[in-house]
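Reviewing the structure listed below.
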């Protein structure tokens, strides 16, 4: 029994040491990134883009759809969603691979602006440190605004205005409920759900977004049905 206990202690110490090593490397990656380009500079660059769209000029339906499908606890967490991370970790362990990330909208913004898409633990930790910093310095709607102005919608469109004009020929404020929900689903896999490439898959994705909105009480089943019928 004593030998087993000693072995467990040693294993625990090894795991803790590896964890500390990864955290240290991730923190360094985060610090190096913001040293090269400060968060304030990066945010100003995004806001100065010609097609930058204020959150007040985006339909409420689009905001609800994005939050429901990407990060339904967005307005409750402080940068990371512990529940989502726990679920993703279990699924990754089962698959022996990074099959699910559990990233919040804030983490996605941090990753897209500062880091590569490579699925490495060090990058994930760096992204988390940056997400905490963003949440500390910016309001939730500011973060959501930055996110929807920088995500990729396929077909060469970056940001909600390019996507709205490119796919529907109208400004974001003029999008219908159906169009809002359609656009909210595309960034998950832009090359797959781009309307110009796979309209049928895009419609299937729209149904998935509607299902999430019903699940998280952003829409009733009747409202979702009416939106689908309006296509």
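Things worth noting here:
Residue-by-condition table, conditions (1) in a loop (DSSP other than H, G, I, E, B); (2) more than 30 Å from residue 177 (Cβ to Cβ):
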site	(1), (2)
27	no, yes
35	no, yes
45	no, yes
51	yes, no
56	no, no
64	no, no
74	yes, no
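- Taken together, 23, 80 contain a single residue that is in a loop (DSSP other than H, G, I, E, B), touching a helix residue (DSSP H, G or I) at 6+ places or on another chain (Cβ under 7 Å), surrounded by 10 or more Cβ atoms within 10 Å (Cβ to Cβ) and at pLDDT below 95, which is 80.
- The helices (runs of 4 or more DSSP H) located wholly in segment 115-231 that include 1 or more residues which are exposed (fewer than 14 other Cβ atoms within 10 Å of the Cβ) occupy 121-137, 140-148, 190-193, 199-215, 221-229.
- Residues within segment 141-181 that are closer than 27 Å to residue 77 by Cα and out of contact with any helix residue (DSSP H, G or I) (no Cβ under 9 Å at 6 or more places or on another chain), tallied: 1
- Residue in segment 44-63 that is surrounded by fewer than 12 Cβ atoms within 10 Å (Cβ to Cβ) and either at pLDDT below 95 or in contact with a strand residue (DSSP E or B) (Cβ under 6 Å, 6 or more places away or on another chain) (or both) present: yes
The values are calculated or read from the model by the stated rules, or taken from the named source; none is laboratory data. Since the model is a prediction, treat every value here as computed from it, not as a measurement. All Cβ positions, glycine included, derive from the backbone under ideal geometry; neighbour counts span all protein chains shown.
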